[in-house]
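Single-structure report; data block below.
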Amino acid sequence: MRSVVIAIVLLLFTAFPSRAQSESPKLVVLLVVDQMRADYLDRFQHHWTSGLKRLIDEGAWFRQAAYPYFQTNTCVGHATIATGSLPETHGIIGNNWYDRAEGRLRACADNSDSPLISYDDPVEATLGPDNLMVPTLSDELRVQASARVVSLSMKPRVAVMLAGHGADVALWRQGTAWVTSTAYSREPVAFIEQFLDANPVANDLGKVWTRALPENLYLFSGSVDVSRPFEGWNTGLPHTLIGLSDRPDLLFYEKWEASPRSNDYLGQLADTAVDALDLGQREATDYLALGLSALDGAGHRFGPQSHEVQDVLIQLDRMLGHLFDKLDATVGSDRYVVALTGDHGVVPIPERRARLADAGRIPAQQIIDAAETAIRVQLGPGRHVARFEEQDLYLEPNIYARLLDQKGALEHVADAIRAVEGVADVFRGDTIRERRNSGNAVERALARNYYPGRSGDLLVVPRPYWTTSVYASGHGTSYGYDTRVPILLMGDQITPGHYLAEVTPADITPTLAAIAGVTLARTDGRVLTEALDNY
C-alpha cells in the first residue's frame, strides 16, 4: 500500500511541478520610466507600435497600481521599486532631507566614504547606497543567484537605488560627466569607457529634436503657453540641442538629457552591457536596470499634455522594441523577464487647471514665513525654521519641544500654515505613525512615508492641483495624478492579461524574486501571483 501512495505522489508531483522545479530566468530586466503616469498608456496607446505595444499585448498589465505613500518623488519611488518596501522601512523619504545632526540638506544618495570615479573630467562628490536601509532585489540576486548587476541612468539617485549596495556596473551623469562610485568600482569599467569614448554625447551638439510623427497625430496643443522651457527653447517642438555657446556646456547636457536621445543612448549602453558581460547567457540569473529620465525632464518643463511628453514616449516605445529584439536574439525570448513601471506621476500645469477649477502654486517661502511669524508670537525673536523641503518642515533644535511645552502653541503654528493659500492641512511628524490605519487616506500616506530622524517636525499637505514646484509641472503628493503609475510584466512565467487588482510598485520586487527563485528577508509588497504561471 505504501508503494502505491508513493507512486501516486510522484505522479502528481510530475504532473503538477512545484514552483521550485521551474527553471529561473537568466535575466531580470527592470525598466523605470521617470514620471510615467498610468493614464499615458491608455491615452497615447494609438502611438505604440513596438516595445510598449509588446508589453501590453504579451504581458501582464496592472491597471490599478499606485504608490501608497505621500512623498512621490524620484529617489523614493526607485527605492520602493528596488526593495519591495515602503519609505517607513527603506528610509528614503525624499530626494533630499534635512540632516539635523549636520545642519545641512542631505541628498538621498549622499555617501561620505564613496568618492566618484569619472569617465570625463574629475568630479568632486561622494555618492553611494548607504542611506538605503534594506537590501534591493539586485543585492539578493548577487548573493543568492550569482548575478551580474548593471544599473544605468542619467540621474545618480536613480542608478544608485536600482543598483543597491553593489554592482558590476552603476553608471550615471554628474553635471557634464559620466561617473560611477567607489561603492561599486575602484576604477573605470573598461567596456563602458570604450563605449563612451566611441559615442560622445557631444556629437549631438546642434542636433534638432523634432517630432517622430506628423504633428496632426499628436493630441492637444503643440505649444504650451504656460510651459517653462530651458533657456533658448520655445514653448513647443522643435528644439535645438545647444547650450549658451557653441561648445557642449551644462545647459546643452541638461537639454540632451530631457530629449529622447538620452533614452536611446541608455538603450545602446544596455545592448553593449549584455554583450560585454554575457548578461542572461550564463547559468546565473543576471540583472539589468534602466532608469529612463527623459520623460521627467520633458514633463517638468512642458507638462503632461505636451507634444514633448508624447514624443519622448513614442521614441521610448521604439527603443524598447529594439532592446527586446536584442534580448530575444541574445538571451532567448523565454529566458528573461521584464518589469516596467514609473517612479511617480505628475500634476497638470496649475495655470491651465486654474482656468477650470481650484489650482495654483504655493511659494515655499510663504510657508516658512507663516511658520516663523507664528513661532515668534509664542517664543519671541529669532530663527526658528531650519528648512522646508517638499512637505517636511524642520525646526531648529529644541524649538519643537518648546512649542509642545506651551499649551496650544504648536496648533497655533499649524493654523498659521493652514492659512497659506493652497495648503490643505498640517500634521505632526512625531505622531503620524499612529495614523497608519487611519480612515483618512492622506494620514495613511504620510505615515507610510515617515522615517524617524529623517522626516520633518511638521508635514505640510497642499490642496489637490496645488504645487510648490518651480517648474511648469511637479509631483510629490498622494493625489492620484502623482501616485498612479503602470505596472507591466512580460516574459518568463508571466501570464498575459489585464489585471484590475489594487497593487503597488512595492509588489514588483517580491514578484521578480519569486520568479527568480530568491528569498527576501522582508518586504511591504506582495507577490503578484495572479499573473504568474504555475504558482
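The values are calculated or read from the model by the stated rules, or taken from the named source; none is laboratory data. Computed from a predicted structure; not experimentally measured. When we count neighbours, we look across all protein chains shown, and the Cβ atoms used for this are built from the backbone with ideal geometry, even at glycine. Protein only, heavy atoms only, side chains kept; ligands, DNA and RNA dropped before computing areas. Shrake-Rupley method; radii C 1.70, N 1.55, O 1.52, S 1.80 Å.
Computed from point charges on the beta carbon alone (+1 for Lys and Arg, -1 for Asp and Glu), the dipole magnitude for region 224-318 about its Cα centre is near 260 Debye. Using a probe radius of 1.4 angstrom, the carbon and sulfur fraction of the accessible surface of the chain is 49%. Backbone phi angles across region 206-223, fed through the Karplus curve with coefficients 6.51, -1.76 and 1.60 (θ = phi - 60°), yield HN-Hα couplings of x, 5, 10, 7, 10, 5, 6, 10, x, 4, 6, 8, 8, 7, 6, 7, x, 10 Hz in residue order; Gly and Pro are listed as x. Site pair L356 and R43 shows an inter-label distance of 1.0 nm when each label is modelled 7 Å from Cα along Cα→Cβ. Inter-part distance, region 99-119 to region 294-320, computed on C-alpha centroids, equals 30 Å. Amide H contacts under 5 Å for T467: G360, R361, I362, restricted to partners 5 or more places along the chain or on a different chain, H placed in the peptide plane at 1.01 Å from N. Here the dipole of the chain is about 1080 debye; that uses its Cα centre as origin and unit charges on the Cβ of Lys and Arg (positive) and Asp and Glu (negative). Our helix-only sum for the chain, with -39,500 (n - 2.57) per DSSP H run of n ≥ 4 divided by its residues, gives a mean residue ellipticity at 222 nm of -10000 deg cm²/dmol.
Computed from point charges on the beta carbon alone (+1 for Lys and Arg, -1 for Asp and Glu), the dipole magnitude for region 262-331 about its Cα centre is near 200 Debye. Between the listed residues G243, G267, G280, the Cα displaced farthest toward the positive end of the dipole of region 240-284, a dipole computed from Cβ unit charges relative to the Cα centre, is found at G243. Report note on the peptides 401-414, 519-532: ranked by the mean count of other C-beta atoms within 10 Å, highest first, their order is 519-532, 401-414. Label reach from T373 (point 7 Å along Cα→C-beta): in region 387-425, amide nitrogens under 20 Å belong to 387-389, 393-396, 409-425. Have a look at V169, G51, A339 and report the one farthest towards the positive end of the charge dipole of the chain, computed about the Cα centre with Cβ charges (Lys/Arg +1, Asp/Glu -1). Result: A339, furthest along the dipole toward the positive end. Label points 7 Å out from Cα along the Cβ direction at K53 and D405: separation in nm? Output for this residue pair reads 6.9 nm. Among the helices of the chain, those built from whole DSSP H runs whose Cα atoms reach 18 Å or more along their own axis and whose mean Kyte-Doolittle hydropathy is at least -1.0 are 2-15, 260-276, 307-330, 364-379.
The residues of the chain expose, per residue, 39 Å² of accessible area to a 1.4 Å probe. Taking every protein chain into account, the 1.4 Å probe leaves K207 with about 80 Å² of accessible area, to the nearest ten.
Can you give me the C-alpha center-to-center distance between region 212-266 and region 31-58, rounded to a whole angstrom? Between the Cα centres of region 212-266 and region 31-58 lies a distance of 21 Å. Computed on protein heavy atoms with a 1.4 Å probe, the accessible areas place D317, D204, D57, D168 in the order D57, D168, D204, D317, largest first. On the basis of the beta-carbon distance and an R0 of 41 Å, S221 and D120 show a calculated FRET efficiency of 0.60. Counting only protein chain heavy atoms and rolling a 1.4 Å probe, the accessible areas of V442, V346 rank, largest first, as V442, V346. Charge tally for E193 (other residues, Cβ to Cβ under 12 Å; Lys, Arg +1; Asp, Glu -1): -3. In a fully extended conformation the segment linking R282 and T431 would gain 48.6 nm over its present Cα-Cα distance, using 0.36 nm per residue. Counting only DSSP beta bridges with both residues in the chain, the antiparallel share comes to about 55 percent.
The list [x] 25.9; [y] 28.1; [z] 31.5 gives values of mean projected area of the Cα convex hull in nm², and only one came from this structure; which label was calculated from it? Step by step, mean projected area of the Cα convex hull in nm² for this structure corresponds to label [y].
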